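The values are calculated or read from the model by the stated rules, or taken from the named source; none is laboratory data. From a predicted model like this one, the values you see are computed outputs, not experimental measurements. Note that each Cβ is placed from the backbone with ideal geometry, even for glycine, and that neighbours are counted across all protein chains shown.
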Amino acid sequence: MESTVTVTEAVRGFSGLIDRVIGRGEIAILTRNGKPVARITPERVRRTTGHEMAEFWKTRIPMPPGEAESFAKDLAEIRSSGNRPQRDPWMS
């Protein structure tokens, strides 16, 4: 659904306008002197695909084996403690 709002109305009720855009998915067309000047639309959540993640990781420098093992151990400890580390795993 689209609604037309003057820039002045948008400024005066900006929080409500944003609430309608987010909550109802409305598109607000802002006008000045009767002419459209801007459009406010809800931001779509973009999900990353597995293929995109695989391509992303190809560009990363791999960790040396010892560092990767230590990192994996630290993560396992954090997960087993309910995601609340008892110590900073990166500070020895």
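Per-structure values
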| quantity | calculated |
| --- | --- |
| Helices (runs of 4 or more DSSP H) lying entirely in the range 1-66 (those with 3 or more residues that are more than 26 Å from the chain's Cα centre (by Cα)) | 7-12 |
| Residues being exposed (fewer than 10 other Cβ atoms within 10 Å of the Cβ) and among the aromatic types (Phe, Trp, Tyr) - total across the range 57-79 | 1 |
| Lone qualifier among ALA54, ALA10 - being of a type in the set (A, V, I, L, M, F, W, C) and either surrounded by 10 or more Cβ atoms within 10 Å (Cβ to Cβ) or at pLDDT 95 or above (or both) | ALA10 |
